[in-house]
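Encoded as structure tokens, the structure appears first; notes follow it.
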Amino acid sequence: MKILLVFPPGAPEVVISAPLGLGYLASVLEQEGHDVKILDASLEKKDLDEVLTEIETYRPDMVGTTVFTPFYPQAKEVVRRVKREFPQIVTVAGGPHVTVLPEKTLRDMEPDYIVVGEGEITLPELVTALESQGNTGDIAGVGSIERGMVRLNSKRDFISNLDDLPFPARHLMKIKEYSPSRWLKK
């Protein structure tokens, strides 16, 4: 499956660290044989239309966005525009905001799926189920809306041994652009 992981546009320039959460997700997805790309629209100063152009060019099967509360409106617009302009693409939202407010996020943002908590095990399981047209209802940490009703599956336990995870997929990020000195020179 082709998967685009998006850090939404519009984060202030004080954000100087790479989206390592997306890096970890990308690395576990690559380990499973998926074609993954990370787009940090804030770092690259891409607006929503430019994000959609990237999507049109890359042609992913899934677009996942990380949701931090200060950038919720931007993440919501990414999901809404993807669903409107590319209805065949599966949309997934995850991150701290989703984990704290899963039902509200599902109803307001309307992604196809949410990933609650740590996604490094949950997201690959969701991708596998979608590829095989299997049941997503038994995947811990996944939420969706089915026939107008919010469905939140059981919570997933925390990853007990973080050493089991591969290193973040830094090769998919413009890692040198995150240097604090880049921002201090301005």
| task | Being of a type in the set (Ser, Thr, Tyr) and closer than 25 Å to Pro166 by Cβ is the filter; apply it to segment 102-129 and report the residue that is most open to solvent (accessible area, probe 1.4 Å). | result | Thr128
| task | Among the residues of segment 37-87, write down those that are under 22 Å from Gly143 (Cα atoms) and hydrophobic (A, V, I, L, M, F, W, C). | result | Met62, Val63, Val67, Phe68, Phe71, Ala75, Val78, Val79, Val82, Phe86
| request: Search segment 167-178 for residues that are closer than 10 Å to Ile38 by Cα and open to solvent by less than 70 Å² (accessible area, probe 1.4 Å) and pair each with any residue that is in a helix (DSSP H, G or I) and among the acidic types (Asp, Glu) when their beta-carbon atoms are under 8 Å apart and the residues are at least 6 apart or on different chains. | output: Ala169/Glu30
| message | For segment 51-73, which positions are in a helix (DSSP H, G or I) and in contact with a Leu (Cβ under 6 Å, 6 or more places away or on another chain)? | response | Glu54, Tyr58
| Scan of segment 19-50 for residues that are touching a Gly at 6+ places or on another chain (Cβ under 9 Å) and in a helix (DSSP H, G or I), ordered by number | Gly21, Leu22, Tyr24, Leu25, Val28, Leu48
| If you go through segment 145-165 one residue at a time, how many are touching a strand residue (DSSP E or B) at 6+ places or on another chain (Cβ under 6 Å) and within 21 Å of Glu32 (Cβ to Cβ)? | 1
| field | Search result, residues across segment 60-99 that are out of contact with any Lys or Arg (no Cβ under 7 Å at 6 or more places or on another chain), open to solvent by 10 Å² or more (accessible area, probe 1.4 Å) and farther than 22 Å from Leu20 by Cβ | value | Pro73, Lys76, Glu77, Arg80, Arg81, Lys83, Arg84, Glu85, Phe86, Pro87, Gln88, Val90
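Give Val28, Val79, Val36 a once-over and let me know the one that is more than 17 Å from His171 (Cα to Cα) and not small (Gly, Ala, Ser).
The conditions single out Val79.
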| request: Evaluate segment 19-38: report whether one residue or more is touching a residue at least 60 places away in the same chain (Cβ under 8 Å) and within 28 Å of Gly148 (Cβ to Cβ). | output: no
| query | If you take the residues in segment 17-59 that are of a type in the set (Val, Ile, Thr) and open to solvent by 30 Å² or more (accessible area, probe 1.4 Å), which one is nearest to Pro96 (Cα to Cα)? | reply | Thr53
| note | Going through segment 130-166 in order, the residues found to be outside any loop (DSSP other than H, G, I, E, B), among the hydrophobic types (A, V, I, L, M, F, W, C) and exposed (fewer than 10 other Cβ atoms within 10 Å of the Cβ) are Met149
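The values are calculated or read from the model by the stated rules, or taken from the named source; none is laboratory data. Only a predicted model underlies this, so the values are computations on that prediction, with no experimental measurement involved. Glycine also receives a Cβ, built like all others from the backbone with ideal geometry; neighbour counts cover every protein chain displayed. Ligands, DNA and RNA are stripped out before the accessible areas are found, and what is left, the full protein with its side chains, is counted by its heavy atoms. Shrake-Rupley method; radii C 1.70, N 1.55, O 1.52, S 1.80 Å.
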